[in-house]
1. Are any residues in the stretch 80-125 without any contact (Cβ under 8 Å) to a residue 60 or more places away in the chain, among the aliphatic types (A, V, I, L, M) and under 17 Å from Tyr28 (Cβ atoms), and if so, which ones?
2. What residue, of Pro181, Pro162, is in the same structural domain as Asp135 (by TED's automatic domain parsing), exposed (fewer than 15 other Cβ atoms within 10 Å of the Cβ) and under 17 Å from Leu78 (Cα atoms)?
3. State the number of residues belonging to the stretch 64-98 that are within 16 Å of the chain's Cα centre (by Cα) and more than 19 Å from Gly201 (Cβ to Cβ).
4. Return the pair list, or none, for Cβ contacts closer than 6 Å from residues in the stretch 129-148 that are surrounded by 10 or more Cβ atoms within 10 Å (Cβ to Cβ) to residues that are part of a loop (DSSP other than H, G, I, E, B), at least 6 apart or on different chains.
5. Based on what the data block shows, is Arg34 touching a residue at least 12 places away in the same chain (Cβ under 8 Å), outside the structural domain of Ile128 (by TED's automatic domain parsing) and part of a helix (DSSP H, G or I)?
6. What is the residue count in the stretch 149-163 for residues that are outside any strand (DSSP E or B) and free of Cβ contacts under 8 Å to residues at least 40 places away in the same chain?
7. Quick check, is His166 under 16 Å from the mean Cα position of the chain (by Cα), farther than 19 Å from Glu27 by Cα and outside any helix (DSSP H, G or I)?
Amino acid sequence: MSLDMSDDISDEIAAAAARLVVEDGLEYGAAKRRAARDLGRRAGRRGELPANEAVEDAVREHLALFCADTQPAELQALRELARHWMRRLAAFRPHLAGAVWRGTATRLSAVWLDLYCEDAKSAEIAMINLGLRYDTGTLERPGGEPLTVLSLAAPCAALGEPATLHLVLHDLDEQRGALQPDVRGRSWRGDLAAVERLLEGRA
């Protein structure tokens with residue numbers, strides 16, 4: 001397969017994945033795999049799967065074409081919701097990640113908060129003490145142990161419906177790499193101060 005053909009396939013998958021991200025609320029990894037299957041490509045052929053940055057570019061194009069009248073307000077609502085929960089969970093050093101941080105979220109997007117804990121059980125105990133009901137799952141990651149994820153439906157008055165909130169529990173020492181940038185120099189997550197700047201239009 002030539003390089004040009006491989007690039008064409010990657011671009012095709014990125015565009016299809018972007019539609020799934022925006023219209024179905026999928027995360028990038030799941031959207032790329034489904035797009036590859038839908039297009040008849042084997043998901044295991046990594047050379048054909050686009051990088052997350054390429055999918056994000058395609059998502060931004062899709063939003064600009066089809067969601068320009070609704071997406072900014074939905075993003076603002078989800079960032080305000082994230083700020084509320086970051087303040088509430090400040091003891092666990094929350095960092096906002098995912099589409100809400102990167103600016104591509106719609107009302108279908110989940111809010112992803114990375115929590116950095118001396119003891120992961122302490123976050124669960126805090127949720128119980130707050131009287132919150134949540135589901136527990138895991139998040140696979142390359143080269144590391146799966147992470148515990150606490151998921152709940154968080155009321156969002158601005159959207160008129162609950163939003164999905166995922167709390168990803170990290171060891172405290174992993175906070176040192178929390179702000180590692182992508183290939184373009186932009187961080188994949190931000191702390192409360194950074195989210196405040198976004199909401200105030202200072203970022």
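1. Selection gives Val100, Ala105, Val111.
2. On the way: Pro181 fails: under 17 Å from Leu78 (Cα atoms).
So the residue among Pro181, Pro162 that is in the same structural domain as Asp135 (by TED's automatic domain parsing), exposed (fewer than 15 other Cβ atoms within 10 Å of the Cβ) and under 17 Å from Leu78 (Cα atoms) is Pro162.
3. Keep residues of the stretch 64-98 that are within 16 Å of the chain's Cα centre (by Cα), which gives 71, 74-83, 85-86, 94-98.
Right, trim to more than 19 Å from Gly201 (Cβ to Cβ) and you get 85, 94-95, 97-98.
So the answer is 5.
4. Correct list of pairs: Thr138/Pro146; Pro146/Glu140.
5. Numbers: touching a residue at least 12 places away in the same chain (Cβ under 8 Å): yes; outside the structural domain of Ile128 (by TED's automatic domain parsing): yes; part of a helix (DSSP H, G or I): yes.
Yes: the conditions hold for Arg34.
6. In the first step, residues of the stretch 149-163 are kept if they are outside any strand (DSSP E or B); the result is 155-162.
This time we only want the ones that are free of Cβ contacts under 8 Å to residues at least 40 places away in the same chain, so: 155, 157, 160, 162.
Total meeting the criteria: 4.
7. On the way: under 16 Å from the mean Cα position of the chain (by Cα): yes; farther than 19 Å from Glu27 by Cα: no; outside any helix (DSSP H, G or I): yes.
So His166 fails the test.
Rundown of residues vs (1) in the same structural domain as Leu169 (by TED's automatic domain parsing); (2) over 21 Å from His166 (Cβ atoms); (3) hydroxyl-bearing (Ser, Thr, Tyr), yes/no style:
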| residue | (1), (2), (3) |
| --- | --- |
| Val21 | no, no, no |
| Ala51 | no, yes, no |
| His62 | no, yes, no |
| Arg79 | yes, no, no |
| Ala105 | yes, no, no |
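The values are calculated or read from the model by the stated rules, or taken from the named source; none is laboratory data. Remember, predicted model here, so these are calculated numbers, not experimental data. Ideal geometry is used to build each Cβ from the backbone, glycine not excepted, and the neighbour counts take in all protein chains shown.
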